[in-house]
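Notes follow the structure.
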Amino acid sequence: MHEERTGALRRDAVGLREVLFQSVTAMAPAAAVAASIPAGAAFAGGSLPLAVLIALVACLFTASCVAELARELPAAGSVATYAARGLHPAVGFLVGWGYVFVEMLVPPLLFLQLGFTAAGTLHEEWSSYPADLWWPWSLAGAGIIAVAGYLGVRASARFGTVLGVFEILVFLVFAALLIGRAGDANTLSVFGTSHTADGYAGISGVFAGSVYTVLALAGFEAAAPLAEETRDPRRTMHRAVLGAALGIGLFYVITTYAMTVYFGPDRFAKFGASGAASWDGVARASFGLFWVLVFLAVINSTIANANACANVSTRTAFALARIRVLPRLLATLHPRHRSPVAGIALQTLVAVGAVLGLGFGYDPVTAFLLLATVIVTVVVCVYIVVNLSCAGYFLRAGRAALRPVRHLVFPVLGIAAFVPALLTAAGLPVFDFVTELTAPVSYAGPIVGVWMVAGVVVLLLLIRRHPERIAEAARVHLDTYDTAGPRQDGTVPR
């Protein structure tokens, strides 16, 4: 019974479609289009479509590195395994330590957004509904994700696929309506630098806007932790990571172009995430009840993103617990569904605790901003390390495997793309468009610092007492299970 509860994840449980949408929903396309991408309009103005296109190209460099490593090293540990093999097992442990932490914070972030979005919209439509009654919606979201995760990767991934298709279709239909209504106002000039915001003229405004769009593209790597549960993982992971980054990046370009030409390129610097000059505001003013679909798509996006990131956090925690660098309990699997039930329980407790603690301690919007800053800071650091790991892995693999452009040039370009994003997320005013963070959002840096210092302490203890466990961070367990993997019914051959 012990082996049935702690063996391997279910092999061949999902295919390309489900894994692709694992990454797609982790990028939260509807929420990003409606909320995060418009932040770049304050700098790029009506040239925001060009900023989105530049950000897409920049992110594809890192997506290419992740895809190359996912094909070579299909493992639930994903980025931790890549860093362990490409740089050093100790680096792999620290990457995994940080990645589990922030991926466990993504669901509560999204449950907060679900709560204040639903409550605010209901209050706007029916004033009798209290605007501050957000928490029941957040808790409902946590319950849905916990059930989906418990039922196993098939249920969770297919649930994410349905949600992902809905939100993408809604915004693509809306984009088509906007382009049609724009008529003669359609112009390719928005892919130039002539419509940037006042004070950010030319290419500088475009690059400033692209930094915020780079952050919206984060999440393309979320397919990788499902490698051990995927059919033909080496091929499927590569296609899913690159496909999600390219597909959703183009989706962002199309939708941003549509709203820019409809709203007016020279007025677009005033466009934002709420009010009349927003996706919701335009839908309400010009397209009647279509705003309901936009609202539902954004709500849907929060659930889908939380589902994808819960899969990431629980699989990464499982991988680290399996080699006993995290508590062994987190490697516990359900005997039937092969889902990491202990990790799912911990994820749910963290989500509910963070939502209620921070949401009532501050307010849901402030709590959202604090968690978002913590998450983005660590995720961007992980991307930078993964780029270095790609170069390190293929340099070690020998000249036969090394492709200089793909394995050396792309990692350097990927790092260059994410350093400005890191400075922006951390609020370090190196560039004139970076705003210094204020409390409590400014606490994000110390929070990350304390967590990573704790990781270093754990690492030193493990090196002293159990150095073999750190070395295990570089192991690709799928190779072991190729000859003795779990059967379709979830049991593990002895």
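The values are calculated or read from the model by the stated rules, or taken from the named source; none is laboratory data. Predicted model only: the values in this text are computed from it and were never measured. Virtual Cβ from ideal backbone geometry, glycine too; neighbours counted across all protein chains shown. Accessible surface areas use protein heavy atoms only, side chains included; no ligands, DNA or RNA. Shrake-Rupley method; radii C 1.70, N 1.55, O 1.52, S 1.80 Å.
Odds and ends about this structure:
- What the phi angles of the range 401-410 give under the Karplus curve with 6.51, -1.76 and 1.60, with θ = phi - 60°, is a coupling list of 8, 6, 10, x, 5, 6, 9, 10, 5, 4 Hz, glycine and proline written as x.
- Computed over the alpha carbons of the chain, Rg followed by Dmax gives 21.9, 71 Å.
- Trypsin sites (Lys or Arg not before Pro) lying in DSSP loop within the range 386-441, provided at most 10 other Cβ fall within 10 Å: R399
- Square roots of five times the Cα gyration tensor eigenvalues for the range 1-150, Å: 33, 26, 14
- Under conditions of 37 °C and 0.692 mPa s, the range 93-210 yields 175 µm² s⁻¹ as its translational diffusion coefficient, taking Rh as the Kirkwood radius over Cα pairs in the Stokes-Einstein equation.
- Computed accessible area, T193, all protein chains, 1.4 angstrom probe, square angstrom: 60
- Compared with the rule-of-thumb size 2.2 N^0.38 Å for a compact globular protein, the range 295-370 has a Cα radius of gyration ratio of 1.30.
- Contact order for the range 302-376, expressed relative to its length and based on alpha carbon pairs under 8 Å spaced 6+ residues apart, stands at 19 percent.
- Per-residue packing, averaged as other Cβ atoms within 10 Å, sorts the ranges 47-53, 283-289 into the order 47-53, 283-289, beginning with the highest.
- Cα-projected label distance for R17 with S442, points at 7 Å along beta-carbon direction, nm: 5.1
- Residue-averaged [θ]222 nm for the chain, counting only DSSP H segments that reach four residues, each worth -39500 (n - 2.57): -22500 deg cm²/dmol
- Of all accessible heavy-atom area on the chain, the percent that carbon and sulfur account for (1.4 Å): 67
- Scattering profile of the range 241-303 at q = 0.20, 0.21 Å⁻¹ [log10 I(q)/I(0), Debye over alpha-carbon scatterers]: -0.91, -0.97
- The chain: Cys lacking any partner C-beta under 4.7 angstrom: C59, C309, C381
- Using 0.36 nm per residue and subtracting the Cα-Cα separation, the extra length available between A401 and L188 on full extension is 72.6 nm.
- Calculated P(r) tail over 15 Å for the range 217-271, as whole % of Cα pairs: 59
- In this simple spin-label model, placing a label point 7 Å from the Cα along the Cα-to-Cβ direction at both L246 and L169 gives a separation of 2.5 nm.
- Each eigenvalue of the Cα gyration tensor of the range 256-392, multiplied by 5 and square-rooted, gives one semi-axis; in descending order these are 37, 20, 16 Å.
- For D12, the residues whose amide H sits under 5 Å from its own are T230, R231, ignoring neighbours fewer than 5 places away on the same chain, with H placed 1.01 Å from N.
- Sequentially through the range 213-229, phi angles give Karplus couplings (6.51, -1.76, 1.60; θ = phi - 60°) of 6, 4, 5, 5, 7, 4, x, 4, 7, 5, 5, 4, x, 8, 4, 6, 10 Hz, Gly and Pro residues having no value and appearing as x.
- In order along the range 138-155, phi translates into HN-Hα couplings of 5, 5, 4, x, 4, x, 4, 5, 5, 5, 4, x, 4, 6, x, 5, 4, 4 Hz, rounded to whole numbers, per the Karplus curve 6.51 cos²θ - 1.76 cosθ + 1.60 with θ = phi - 60° and x for Gly and Pro.
- Packing rank of 211-217, 76-82, where each peptide gets the mean count of other beta carbons within 10 Å, highest leading: 76-82, 211-217
- Alpha-carbon centroid distance for the pair the range 216-236 / the range 18-85, whole angstrom: 13
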